[in-house]
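Please treat every number below as a calculation from the coordinates, not as lab data. For clarity, every value in this text was computed on a predicted model and none was experimentally measured. Neighbour counts are summed over all protein chains in view; Cβ atoms, including those assigned to glycine, are modelled from backbone coordinates with ideal geometry.
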Amino acid sequence: MAIINPGFKSPGRRDERVPPGQSVVKTWPVLTYGPTPRIDTGEWMLAVDGEVNKPFTIDWAEFNRLPKHTMLTDIHCVTRWSKLGMEWEGVSIDELIERADGLTSSANHLIAHCYGGYTTNLPTEDVIGGKAMITTRADGELLTPEHGAPARLFVPHLYFWKSAKYINRLTFTERDHPGFWEVNGYHNYGDPWREERYETDV
Amino acid sequence: MKSVMKQTFKPTDWRVGTVTQIVPEAPGIRSYCFSFDSQIAHYAGQHYEIRLTAEDGYQAARLYSAAMPANGTSNMLQLTIALMADGEVSSYIFSNVTIGSQLEIRGPLGGYFVWKPEGKSPILLVGGGTGIVPLRAIRLQHQQANASTKLTLLYSVKTYPYMPYKYELFPRIGQPASDVIVTFTEQAPQGWLGHEGRIDNAMIQSVLQAYKTTPQVYVCGSTPLVEVVTRQFVEAGVNPSKIKAERFGATS
């Protein structure tokens, strides 16, 4: 039972598109656990491997020849800010899976690996069917280093730490492997609508 | 920290804290001390969340770093809170919360930007503005643990009046503690012989030179400060894996 804080006022009608416990921001805060990795597009590579039929690695030029699409959507950070109505451009994970000749029957999880060593884990079903992509542009601009340049995973229906910056490798696995924040106190799945922020949030 | 294990509540359970003390630290910065009916234990660097609830059920919550260590032997928690211009939580706390007020709080949260007393690495803390808060907790915990590892705090702040924890950082007038290096970015106090201006390569080089082995670096402050400082450490040859960072706010 929540206590009522006398004099604390609701700011008015709640925007239905904002998940519970989130505040809307106009700026775009930066959260990274260490120094910002600076990855030149000339050295950038993306590997898709693990439980796929034909693992592959592509460079920046080849990646950019793949069909792009856009998602107009909101993002939600576990530190309680949401940024609404951004346009994101990238290559869908479905497209990358197709290029790998499909998933094997054991591809239950996606483990995203990044430059700098960051990892995060997601159920495969959360990254297929147009729900996720590898993005290179937000609101028409190339991503800046602080926001994950040259490319980040983009899974906007989960808290934004799942949208791993500086993406380098997508490994599909049979078993789950909790990632960087998932072993540092945060929730394994991270649904903003259920407020799955920390590991003991149920 | 065996006591952490003995807790019967989860860190994500909301508990009620009663305000026992309010300490003005600097303009727009106050420390709030809370008393709980259960023990408080965390690693220095961890956060807590404060949640406010309006009569109509509307809720807002914000994260704050613990300002002091707590090893489970007491039920006290200190959070240092900065008043944010559009901050619905901080502005409520600054204008409505008094001694005896009750607030819902949960934690400790976050397991990465922390220092554990069993740590063997020397430590270098680098902060700007209110980014001092978790670093202060680490420094105090390091003192309480009688740790023999070297610790230095490099702190960038506008002016002396804007510096929180003045009497800890400057135990003698005009002179920082022996493990503290301060640089004033807007105005130094009269007679100041130390650094002025933003943290730069020279300051970082000279502080690193005082270490025999590469320290574990903790950087906390605004995003622009953390971006610049972490980059300078990498350029100075510190492996990025030895640099933990905590940013607040946007790029510019």
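Key figures for this structure:
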{"read-out": "Over chain B: helical MRE at 222 nm, DSSP H runs n ≥ 4 each giving -39500 (n - 2.57), nearest 500", "value": "-6000 deg cm²/dmol"}
{"read-out": "Most mobile listed residue (B:205, B:141, B:46) in chain B, GNM with C-alpha springs under 10 Å", "value": "B:205"}
{"read-out": "Simple Cβ-charge dipole of chain B, Lys/Arg +1 and Asp/Glu -1, about Cα centre, in debye nearest 20", "value": "840 debye"}
{"read-out": "Cα centroid separation - the range B:25-40 against the range A:84-155, whole Å", "value": "41 Å"}
{"read-out": "Where N is the number of residues in the range B:35-128, Cα Rg divided by 2.2 N^0.38 Å", "value": "1.21"}
{"read-out": "Compactness of the protein assembly as shown - radius of gyration and Dmax, Cα, Å", "value": "22.7, 72"}
{"read-out": "The range A:170-202: GluC sites (Glu not before Pro) in DSSP loop, at most 16 other beta carbons within 10 Å", "value": "A:174"}
{"read-out": "Virtual paramagnetic centre 7 Å along Cα→Cβ of residue B:59, amide N under 15 Å, in the range A:1-39", "value": "A:1-5, A:10, A:19-23"}
{"read-out": "Net charge dipole size for the range B:197-252 [Lys, Arg +1 and Asp, Glu -1 on Cβ; Debye, nearest 20]", "value": "140 debye"}
{"read-out": "Ranked A:172, A:180, A:154, criterion: other C-beta atoms within 10 Å, fewest first", "value": "A:180, A:172, A:154"}
{"read-out": "Distance histogram in 5 Å bins (all Cα pairs of the range B:123-248, percent per bin)", "value": "2, 11, 23, 26, 21, 13, 4, 0"}
{"read-out": "For B:217, B:16, order by how many other beta-carbon atoms lie within 10 Å, fewest first", "value": "B:16, B:217"}
{"read-out": "Residues in the range B:119-140 reached by a label modelled at residue B:205 [backbone nitrogen below 19 Å; 7 Å Cα→Cβ]", "value": "none"}
{"read-out": "Farthest positive-ward along chain A dipole, Cα basis, beta-carbon charges - from A:130, A:181, A:22", "value": "A:22"}
{"read-out": "Loop GluC sites (Glu not before Pro), the range B:100-200, which have at most 16 other Cβ atoms in a 10 Å radius of their Cβ (DSSP)", "value": "B:118"}
{"read-out": "DSSP-loop trypsin sites (Lys or Arg not before Pro) across the range B:106-202, with at most 13 other Cβ within 10 angstrom", "value": "B:120"}
{"read-out": "Efficiency of FRET from Cβ geometry, residue B:198 and residue A:56, R₀ 30 Å, rounded to 0.05", "value": "0.10"}
{"read-out": "Descending Cα extents along the principal axes, chain B, whole Å", "value": "53, 39, 36"}
{"read-out": "Cβ-derived FRET efficiency at R0 51 Å, residue B:99 paired with residue A:175, nearest 0.05", "value": "0.45"}
{"read-out": "Residue-wise HN-Hα coupling along the range A:36-50, computed from phi with Karplus coefficients 6.51, -1.76, 1.60 (Hz; x: Gly, Pro)", "value": "6, x, 10, 10, 6, 5, x, 9, 5, 9, 10, 9, 10, 8, x"}
{"read-out": "Dipole magnitude of the range A:49-202, debye to nearest 20 (Cβ charges: Lys/Arg +1, Asp/Glu -1, about Cα centre)", "value": "260 debye"}
{"read-out": "The range B:64-193: Rg to Rh, with Rh as the Kirkwood radius over Cα pairs", "value": "0.98"}
{"read-out": "Helix-only mean residue ellipticity at 222 nm for chain A, each DSSP H run of n ≥ 4 adding -39500 (n - 2.57), per residue, nearest 500", "value": "-1500 deg cm²/dmol"}
